[in-house]
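Here's the structure we're looking at; comments come further down.
The values are calculated or read from the model by the stated rules, or taken from the named source; none is laboratory data. This is a predicted model, so every value here is computed, not measured. Backbone-built Cβ (ideal geometry, glycine too); neighbour counts: all protein chains shown.
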Amino acid sequence: MKEDNVLWNVRHFVYSHIADTTRPPSVDETATHFGISTEEASELYKELNNRHAIFLNLDEMAIRMANPFSGIPTDFKVHANDKTYFANCAWDMLGIPAALHCDAAIDAVCTESNETIKIQIRDGNLLFTNYDLRIHFPLPFARWYDDLVFT
């Protein structure tokens, strides 16, 4: 396979793994899946990171984000398909049911009030009561990758 094909197959594997297990695969798991060395898998992860296809914690060579999925626990929990996924932010918590093409129950902590907010997604519709919600982006999209974790 061409190198680009392998790269995008790795990206597909990452997302499939998250959908199945709720967590991103380790570099070792990816290497084993593709029958390549850990070093080769690491280089593919770095290239996906460079292309903003995933976001790595480079110190650990671990996937921090594969939007809309978070590789670490967050205040944005999405319960879907009898599993619990973590989203990176309020925007991504809406993206997980869309990515999985399923209904979901969302528990999120409001950053302003520290209140837990419960939202339902049914048949692609957002259902909630007693909330006047807005999603705030502290930076314009063009600057998100300046500090993606903060954004």
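Just a few scattered comments:
- Residue count for region 13-56 under the criterion of being farther than 28 Å from HIS101 by Cα and in contact with a strand residue (DSSP E or B) (Cβ under 6 Å, 6 or more places away or on another chain): the result is 0.
- Scan region 30-60 for residues that are closer than 26 Å to ALA80 by Cβ, without any contact (Cβ under 8 Å) to a residue 60 or more places away in the chain and surrounded by fewer than 17 Cβ atoms within 10 Å (Cβ to Cβ) and the total you get is 2.
- Those residues of region 30-76 which are over 22 Å from CYS110 (Cα atoms), in a loop (DSSP other than H, G, I, E, B) and out of contact with any Ser or Thr (no Cβ under 6 Å at 6 or more places or on another chain), in sequence order: GLY35, ILE36, SER37, ARG51, HIS52, ALA53, ILE54, LEU58, ASP59, GLU60
- Residue satisfying all of: in region 15-29; acidic (Asp, Glu) and under 16 Å from PHE69 (Cβ atoms); surrounded by the most Cβ atoms within 10 Å (Cβ to Cβ) among these: GLU29
- One residue from LEU139, LEU126, LEU133 being surrounded by 13 or more Cβ atoms within 10 Å (Cβ to Cβ), assigned by TED's automatic domain parsing to the domain that holds PHE86 and modelled with pLDDT under 90: LEU139
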